[in-house]
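Just below is one structure, and these are the notes that go with it.
The values are calculated or read from the model by the stated rules, or taken from the named source; none is laboratory data. Because the structure is a prediction, the values reported are computed rather than measured. Positions of Cβ are generated from backbone atoms using ideal geometry, with glycine treated the same way; all protein chains shown enter the neighbour counts.
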Amino acid sequence: MQRTSLLLTLATAVLLIGCGNSNMSLPTALTDSANIDSKASDSPKEESSSKDEPIEFNGVTKMKSELSEETLKWLDWYSTLPEENRNALSFIPSEFIDSRGVLTVETDCEDQPSYTQALTLDELSETEKLARVYFSEGFDGIEEILLANDDFFLYQNTGIEAEYTPGNIIIYMVLTGKDKAAGNPMRSVSIARKSKSDSWKVINSGF
């Protein structure tokens, strides 16, 4: 009788231990599953936040996700320019134009010759028309055209632009249809004449 009672006690203990192990394994599995789900849900957020970052230009801050692919490519190109060349550019991506609609970059140079004001409105119209004709073939026309600042570095380009005085030279920054499609930045085109009695012609162009 005692032997039978002992066997029943041992069997009961085995069952209890087995049930205990079974009950303990369930919370562990649930916890692991919750951790996996948590990591899976956090991953896209972390990846998204790493791709989005603030970018400041022209005193305006934008998130990277707000900018077009074209603007991002232009900013990459802009960052490779020397500081003096950056200051000479009058182009500003539309996303960074401030509430006042400022389209030019202010400079500290007050003694620069005024190439833009040395021409009459008719002369500016004539040179702009020549620029548009120049890029009409092979470049798919002009999408955007702006006057370069008076301190644009090419005005001091020895042997080419520097040989012309204010009133006989003008430089434009243009975005051609071909360059826009390729994601390229604006390029410059220099138009000059030897004297007031000569005709305008394109003397230089490039990035």
| query | Quick one: would you say residue 189 is farther than 18 Å from residue 118 by Cβ and either at pLDDT 95 or above or aromatic (Phe, Trp, Tyr) (or both)? | reply | no
| request: Name the one entry in 145, 55, 92 that is assigned by TED's automatic domain parsing to the domain that holds residue 166, surrounded by 13 or more Cβ atoms within 10 Å (Cβ to Cβ) and modelled with pLDDT of 65 or more. | output: 145
| said: Would you confirm, using the coordinates I've provided, whether residue 163 is touching a helix residue (DSSP H, G or I) at 6+ places or on another chain (Cβ under 9 Å), surrounded by fewer than 17 Cβ atoms within 10 Å (Cβ to Cβ) and acidic (Asp, Glu)? | reply: no
| request: Tell me, yes or no, whether the stretch 162-172 has at least one residue that is under 14 Å from residue 134 (Cα atoms), under 21 Å from the mean Cα position of the chain (by Cα) and touching a residue at least 24 places away in the same chain (Cβ under 8 Å). | output: no
